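The values are calculated or read from the model by the stated rules, or taken from the named source; none is laboratory data. Predicted, not measured: the structure shown is a model, and the values here were computed from it. Please note: Cβ atoms are built from the backbone with ideal geometry, for glycine as well, and neighbour counts cover all protein chains shown.
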Amino acid sequence: MIKLMIFDLDGTILNTLEDLYFSANYALTQNQFPERSLDEIRQFVGNGIRKLMERIVPENTSETKIQQVHEVFTSHYEKHCADHTAPYSGIPEVLRKIRLSGCKTAVVSNKADYAVQILCQKYFPDLFDVAIGEKNNIRKKPAPDAVFSVLEKLNIQPEQAIYIGDSDVDILTAEHAHMPCISVEWGFRDRNFLLQHGAKKIISRPEELLSCCFSCA
């Protein structure tokens, strides 16, 4: 029986794309760089804020300049990370039902930890046992370190957990953590992309988690 469901954040339980887009372009224009399109930002996210900064700046941008863009982004995003962000339809209700069934829930994200805490508290109060974002002392996904930290905190074995996400990074994270992965197609990557990157189970509606969470391990 599955005792724990671990969720990615961006593109899985929250549509954060617009706020990432506005903060990224604010940081770019403040540093005299051209803006990026919404679709470009969609393709660039998933590997943490630092990697996003490296991807949005022009090729051959200096390390010093990337750091400046990063600092402006962080300052802006911390204030505006919830301006347009919202849960995907049905997610809060599904999380409540999962928890009522006795299954624990957690978040493991490559998003900066300050934003993970702000957004989980705002949109999902009391719906997660643990939430972990990017920190300096822990390797980002697809390394399994944060997943293992959650398992240790909750005293649950990998075979008793499932990871749910919307990207290739999430598929690899689950693989490295030795647990099944459920991929969602409502996020930042489409079904074909997920299949090409090894997705074994893809769902199109959050409600499907209720019927599959006890049968995917």
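Quick notes on this one:
- R50 passes every criterion in (1) surrounded by fewer than 22 Cβ atoms within 10 Å (Cβ to Cβ); (2) more than 16 Å from E134 (Cβ to Cβ); (3) within 16 Å of the chain's Cα centre (by Cα) apart from (2).
- The helices (runs of 4 or more DSSP H) found wholly in the stretch 1-119 and carrying at least 1 residues that are within 30 Å of L210 (Cβ to Cβ) and not aromatic (F, W, Y) occupy 17-30, 38-44, 91-100.
- Qualifying residue in the stretch 155-172 (condition: within 26 Å of M1 (Cβ to Cβ), modelled with pLDDT of 95 or more, surrounded by fewer than 15 Cβ atoms within 10 Å (Cβ to Cβ) and in the same structural domain as A199 (by TED's automatic domain parsing)): yes
- Selection status of P206, touching a residue at least 40 places away in the same chain (Cβ under 8 Å) and under 27 Å from E40 (Cα atoms): yes
- Selected residue (criterion: nearest to T29 (Cα to Cα)) from residues of the stretch 64-100 that are polar (S, T, N, Q) and free of Cβ contacts under 8 Å to residues at least 40 places away in the same chain: Q68
- Hits in the stretch 63-81 - residues which are hydrophobic (A, V, I, L, M, F, W, C) and over 18 Å from G133 (Cβ atoms): I66, V69, V72
- Matching option when the condition is touching a residue at least 12 places away in the same chain (Cβ under 8 Å), more than 20 Å from I91 (Cβ to Cβ) and β-branched (V, I, T), among I156, I182: I156
- Any hit, the stretch 17-40, residues being of a type in the set (G, A, S), under 30 Å from V94 (Cβ atoms), surrounded by 14 or more Cβ atoms within 10 Å (Cβ to Cβ) and assigned by TED's automatic domain parsing to the domain that holds A115: no
- Within the stretch 173-209, if we keep just the residues that are buried (at least 18 other Cβ atoms within 10 Å of the Cβ) and polar (S, T, N, Q), the residue that is farthest from G133 (Cα to Cα) turns out to be S183.
- Checked against (1) surrounded by fewer than 20 Cβ atoms within 10 Å (Cβ to Cβ); (2) out of contact with any helix residue (DSSP H, G or I) (no Cβ under 9 Å at 6 or more places or on another chain), K97 passes all but a single condition, namely (2).
For (1) farther than 23 Å from G11 by Cα; (2) of a type outside the set (D, E); (3) modelled with pLDDT of 95 or more, each residue gets a yes or a no:
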| site | (1), (2), (3) |
| --- | --- |
| D39 | no, no, yes |
| R50 | no, yes, no |
| M53 | no, yes, yes |
| I56 | no, yes, yes |
| S62 | yes, yes, yes |
| K65 | yes, yes, yes |
| V72 | yes, yes, yes |
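- Among residues of the stretch 14-73, those that are of a type in the set (F, W, Y) and either closer than 21 Å to V108 by Cα or in contact with a Gly (Cβ under 6 Å, 6 or more places away or on another chain) (or both), counted: 1
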